Amino acid sequence: MKMMKNSILVCLLAFLFFALSSFKKDTSILLPLPLNQHYFGLDAERYIVYNVLEINHDENAVIKHDTLYYQFNSFEQADAYYDFIFSGKTINGLFFDSTVRVEQEKERNLIAYKRKYEEYAANVGMIRKVYKDLTIMNFDTLNVKSGKEIFMDIVEYGN
């Protein structure tokens with residue numbers, strides 16, 4: 001009788017082990033198209049217009065914090081990694097259901113703050129760019145000694 005109970009207990013434990021081990025979460029992300037084809041809209045006759053805010057800082061200049069506002073269209077190449085893949089986002093009243101952030105640089109220390117990333121929407125292309133390369137004091141990103149900040153946001157696109 002005792003041997004039968006032990007056999008049943010072993011069988012029950014084996015069954016539970018195999019049953020529970022089959023419930024693994026799938027952590028892989030399947031991409032329908034390579035990101036370079038799906039998010040980077042480089043088709044002929046396609047256009048994207050961006051609003052750009054550029055801020056130049058230099059505490060030794062006559063104009064210590066000079067601001068420019070203009071429209072621009074540009075594509076650059078850089079080493080980066082992807083973040084916030086397939087996120088929805090609204091910029092200037094334009095909704096994009098599938099976006100990806102391309103992180104290029106993220107550094108903050110005692111004297112420097114660098115933050116560079118671009119966001120792309122599926123079947124559109126780049127919709128936002130943030131570029132900050134600043135010399136700062138004591139980790140304080142509001143105490144800027146010199147550097148440049150550029151903010152680009154999409155305002156219009158089409159064929």
ask   = Can you find even one residue in region 104-122 that is in contact (Cβ under 8 Å) with a residue 40 or more places away in the chain and of a type in the set (A, V, I, L, M, F, W, C)?
value = yes
Reported set for region 128-156 where residues are crowded, with 20+ Cβ neighbours inside 10 Å and touching a residue at least 60 places away in the same chain (Cβ under 8 Å) is Lys129, Leu134, Val144, Met152, Ile154
Got at least one residue in region 108-117 being closer than 12 Å to Met152 by Cα, within 12 Å of the chain's Cα centre (by Cα) and at pLDDT 90 or above? yes
The correct count of residues that are among the aliphatic types (A, V, I, L, M) and either closer than 22 Å to Tyr157 by Cβ or in contact with a helix residue (DSSP H, G or I) (Cβ under 6 Å, 6 or more places away or on another chain) (or both) in region 118-139 is 6
Within region 88-133, residues aromatic (Phe, Trp, Tyr) and closer than 27 Å to His57 by Cα come out as Tyr113, Tyr117, Tyr131
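The values are calculated or read from the model by the stated rules, or taken from the named source; none is laboratory data. Keep in mind that this is a model prediction, so the values were computed, not measured. So basically every Cβ, Gly included, is an ideal-geometry build from the backbone, and we count neighbours across all protein chains shown.
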